[in-house]
Amino acid sequence: MICSLLLTAAALLPCVAQDSANGPPLVEAQSELPVVEVVFEGLNTYSHEGVLSTLGMRIGEPYPASMRPGLLKVWDTYKIVVGEPTLTRVEGGLRVTLPVTELPLDLEPRFVGASEVGLEKLKEWALLFDREQVYLHESDRIRSRLVAGYRQAGYHFVEIDNVIGGLGAGVAGELIFEIREGPKVHCTGIEVSGNTSLINTGWGLWSGGLFDLADLSTKGRGLFSWWGGTFDREVLDADVVAMRQVYRDRGWLDVTVAIDRLEFSRDRKSVVVHLIVDEGPLWRVGSLAIEGLDPENLASAQDLFFDQGELLALTELQPGVPFERARIAHDQAVLMRFYGERGYLEQRYFEDERAGGARFLEPDVTYDWQAHEAHVTYRLVQGRKRFIGEVKVNGNTYTADKVIRRELDFMPGELANIQQIERGLARVRGTGFFEDPYDPTHIPPIVVFQVDGSDPDTIDVEYRMTEGRVVDFNISGGVASDSGIVGLITLSMRNFAMANTPSGLFSTPGEIYRKEAFHGNGEQFAVDLSPGSEVSFWRVMYAFPDVLGTHHDRYTVRTEALGRDRRYNSHDEAKDQASLTIARLFGAGDFSLRLGPRWSSIRIGALTDPSDSPSTLVNSVGTTDLRGLSLDMRYSQLDNRRSPREGSHYRWGNTLYGGVLGGDQDFLKTDFEYDRYFQLGDDTEDVRPGFYLGAAAGVSQTFGDTNQVHYSERFFLGGTSLRGFDYRGVGPMDGSYSLGGESMARATIEYRHPIYSTPIAGTSRRQEMFRFLTFVDAGVLGLDAWSFDTDDVRASFGFGFGLVTPLPLTFNFGFPFLDQDGDKRETFSFSLDMLR
């Protein structure tokens, strides 16, 4: 009966539309007569007024010339089949009689036999949710959804029958799903044979081979899943396709990967998957060429703008190497970068598809099936050389344009260089003014190109962004291995504008929250107050980013006052400090010089045991005033200032204390820091593993009447600077405590492997959220300036886990393998915000 009704619907709708469009003879003769009555014969479930309104026929208006749109809308809305109309002339106009056939429905389908899965989950799988009416013709589709849901949950042997009963003329039917669930199946192992070139090796994060490269979703037993992963045949089939693609991407074009057999246990609750691989020969590159194509006619060749030999020297795909997809992706990025740095910008940056940007088309490949070689021709649409027209910023509702423009180091009229343009984008993102790590829907800044209509060789560069979260007011608490239990009250405004005052006292909080006050000039302002069990801290800071308003080669001013009171096991130490720094930033700020005075007052007292305290500490008891002048040089080429993944950072800091500046001590403290970040793997991936290399060295040289650098100004190692050792827990020791050093050197190498990432809203990119890391730290202290003893080197190795965003949280486990008697070990160290 269901089938006959659907066939009737399919047959009637076109028929009615044709008849209605032509118009019955009565209407053709009396088309001006109004409709005074509409009768639906057979309408039992739905209201007359509702169906009439959906049909679009109005009382008092002429009979419509075509009823097809209304009939289709009635079908889509009510699943009602409307037959051929009968028109009768009555007093005042026409009566329209429409025969109606309603599809039978069941008000509440029933599920029989489901013991392991609840009713709500069944409705979710069936996409019923809170629907009150289910049409019987939907039964097969609902059954298919239920079967898919069960199998995704691991019920491989599920069987479901849909039974329709109680169906009669004008009587609602009954829909029953009879379910035989069967056991839930877990995959306890995956065994593969024939993968001689991509053998599975290692375990966990150190695994490699075919399974790791294919990133299988079907999992066997693991550390946290002893019973194995949930078995889903569709997922397994997708994994087989992924493994096949892994081989083909690496040059095994003839590979076959297939399921050999599924070995179920007797109770059918577990399965071992057996796979078989026939790799076939490894295909290699026979030859590589590059050709240019006419952008107006891709079938026509165009002379290359650059020497083919120069371009081929950039490629990884070379004759004799395996024919790998990753090499082609690398070459695409390198060639497009080469062209982009010379003004030939890639099409993907343009909004207009007809902009004529450079493109890397799918390579032309000729296969030699005898020699198993691929002869490859890269096809380039080279575009045209572009120059910068207008530089636009858009979306900075409350932030001044100059705040963004000072991060850009190119000007209108210059050759469009994609490296400069992207570096500008990285700097804009790195300010943090247009980021909101707490809002997953926030879209980060992007850059697009627009062709000047009057001059196709000129482009406008537009940076688009939305205002981010730049005002943070936090009352938080936490615990850190170096600082004990701490509380924290902070007010931080990263895009501050002192001159942009609120309209009134009581409107101030709302206007600050809406970024209408104290916002938009790129200044920085922060107030911190942090009482704690071991460390208490306060700070006030203000920075103005462009004193002279030059945008480029600008001067900045930063002033800061802070106080720190720390209770060590050996003593108590309090330090108050103020500083004023004037910085000259060259270009967009990658290189800078910083100069300014410093004032410090240090108080050391309450020695726990003077006889067991180091001499450098005993000699520093009391209050000491320091007056200094600092000169720093910094150079940074990081992809992101706040969370770098690639690039390098250098800092050379020098502070002269005493002498003509006054104060209680005379010494020169100089230190150098180097940080290097680089990523591994496919350049096209947003989230990749990588390495961090860090090195630092410093020396404090006394002069004048000073024989020994103050204890608080000496160099110390341990804690976060040398994991595996306690904070200030590295010798040379005197008694139970470190003497500290007037010389220091340390280095670290850290491998970072992403564990979890999330998509970035509004883009196809992803951002790293959680990572695993392994490290090796080493360091040495010299008791005197320019004095090191290699026998005093300390070193450790370990691993850790880190949350990357939205807040930094790191757990480290360090294990010293080079240490000395008296050193204080600390295997576990962490930093954790308890409340936010």
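The values are calculated or read from the model by the stated rules, or taken from the named source; none is laboratory data. All values derive from a computational prediction rather than experimental measurement. All Cβ positions, even for glycine, are placed from backbone atoms using ideal geometry, and neighbour counts span all protein chains on display. Accessible surface areas use protein heavy atoms only, side chains included; no ligands, DNA or RNA. Shrake-Rupley method; radii C 1.70, N 1.55, O 1.52, S 1.80 Å.
How compact is the stretch 316-367 by the rule of thumb for globular proteins, expressed as Cα Rg over 2.2 N^0.38 Å?
1.32
With angles folded into 0 to 90 degrees, how steeply does helix 2-22 sit against the dominant principal axis of the chain? Use alpha carbons for both and round to 10.
80 degrees
Counting only Cα, what are the radius of gyration and maximum Cα-Cα distance Dmax of the stretch 707-764, in Å?
Calculated on Cα positions, Rg and Dmax stand at 19.0, 61 Å.
Which whole-number percent gives the relative contact order of the stretch 494-576, counting Cα pairs below 8 Å spaced six or more residues apart?
21 percent
Between I582 and Y650, 0.36 nm times their residue separation minus their Cα-Cα distance comes to what?
Computed gain between I582 and Y650 is 22.6 nm.
Once the Cα gyration tensor of the stretch 276-334 is found, what semi-axes does its equivalent ellipsoid get, as square roots of 5 times the eigenvalues, in whole Å, sorted largest first? Could you put the intermediate results ahead of the total?
Numbers: eigenvalues 155, 41, 22 Å².
Result for the stretch 276-334: semi-axes of 28, 14, 11 Å.
Return the Rg/Rh value of the stretch 202-321, two decimal places, where both radii are evaluated on C-alpha atoms and Rh is the Kirkwood radius.
On the way: Rg = 21.8 Å, Rh = 18.3 Å.
Reported Rg/Rh, Kirkwood definition of Rh: 1.19.
Evaluate the relative contact order of the stretch 175-259 (contact order divided by residue number), counting alpha-carbon pairs under 8 angstrom at least 6 apart; express in whole percent. Mind showing how you got there, number by number?
Details: 87 pairs, mean separation 22.4, N = 85.
Result for the stretch 175-259 is 26 percent.
Explain nothing, just compute: Karplus ³J(HN,Hα) = 6.51 cos²θ - 1.76 cosθ + 1.60, θ = phi - 60°, for every residue of the stretch 730-743 in order, whole Hz, x for Gly and Pro.
Listing the rounded values in order: 10, x, x, 9, 9, x, 9, 10, 6, 6, x, x, 8, 9 Hz.
Measure nothing but the geometry: give the 0 to 90° angle between the long axis through the Cα atoms of 68-78 and the longest principal axis through the Cα atoms of the chain, rounded to 10°.
70 degrees
Expressed as a whole number of Å, what is the distance separating the alpha-carbon centroids of the stretch 648-689 and the stretch 277-301?
About 47 Å separates the Cα centre of the stretch 277-301 from the one of the stretch 648-689.
Averaging over every viewing direction, what projected area does the convex hull of the Cα atoms of the stretch 550-594 cover, in nm²?
4.4 nm²
Taking the Cα atoms only, what angle lies between the long axis of helix 139-152 and the longest principal axis of the chain, rounded to 10 degrees?
30 degrees
What's the FRET efficiency of I199 with V447 using the Cβ-Cβ distance as r and R₀ = 35 Å, to the nearest 0.05?
About 0.20, to the nearest 0.05.
Can you give the translational diffusion coefficient of the stretch 355-398 in µm²/s, computed by Stokes-Einstein from the Kirkwood radius over Cα pairs at 4 °C and 1.567 mPa s?
89 µm²/s
For the pair L661 and L361, how long in nm is the line joining their label points, each one 7 Å along Cα→Cβ?
6.5 nm
On a C-alpha basis, how far is the centre of the stretch 442-469 from the centre of the stretch 520-578 in Å? Whole number, if you could?
After rounding, the separation between the Cα centres reads 36 Å.
Could you pull the Rg and Dmax for the stretch 323-411, using just the Cα atoms, both in Å?
18.8, 66
May I ask you to give the percent of accessible area on the chain that is carbon plus sulfur, with a probe radius of 1.4 Å?
So the carbon and sulfur contribution to the accessible surface is 53 percent.
On alpha-carbon atoms, Rg over Rh for the stretch 296-446 using Kirkwood Rh?
Numbers: Rg = 19.4 Å, Rh = 18.2 Å.
A ratio of 1.07.
So, taking all protein chains as they sit and a 1.4 Å probe, how much accessible area belongs to L488, in Å² rounded to tens?
Roughly 60 Å² of L488 is accessible to a 1.4 Å probe.
How big is the Cα convex hull of the stretch 379-437 in projection, averaged over all directions, in nm²?
So the mean shadow area of the Cα hull is 5.7 nm².
Per residue, how many Å² of accessible area does the chain show with a 1.4 Å probe?
49 Å²
Per the Debye formula with a single identical scatterer at each Cα and no solvent contribution, what log10 I(q)/I(0) holds for the chain at q = 0.06, 0.07, 0.09, 0.10 Å⁻¹?
Values returned for q = 0.06, 0.07, 0.09, 0.10 Å⁻¹ are -0.67, -0.87, -1.18, -1.28.
Which length gain, in nm to one decimal place, applies between F801 and T377 when the Cα-Cα distance is subtracted from 0.36 nm times their residue separation?
Contour length minus Cα-Cα distance gives 148.2 nm.
Quickly work out the L298-to-V793 label distance, labels modelled 7 Å from Cα along the C-beta direction, and quote it in nm with one decimal.
For V793 paired with L298, the spin-label model returns 5.8 nm.
So, in Å, what gap is there between the alpha-carbon centers of the stretch 602-641 and the stretch 396-415?
41 Å
Say the cut-off is 20 Å between C-alpha atoms; which of K669/K824; K184/K219; K575/K669; K219/K269 go over it?
K669/K824
Run the simple label-point estimate for Y555 and F506 please: 7 Å along Cα→C-beta, distance reported in nm.
Between Y555 and F506, the label points sit 4.4 nm apart.
Arrange the residues E49, E516, E138, E685 by how much accessible surface each exposes, largest first, with a 1.4 angstrom probe.
Largest accessible area first, the list is E49, E685, E516, E138.
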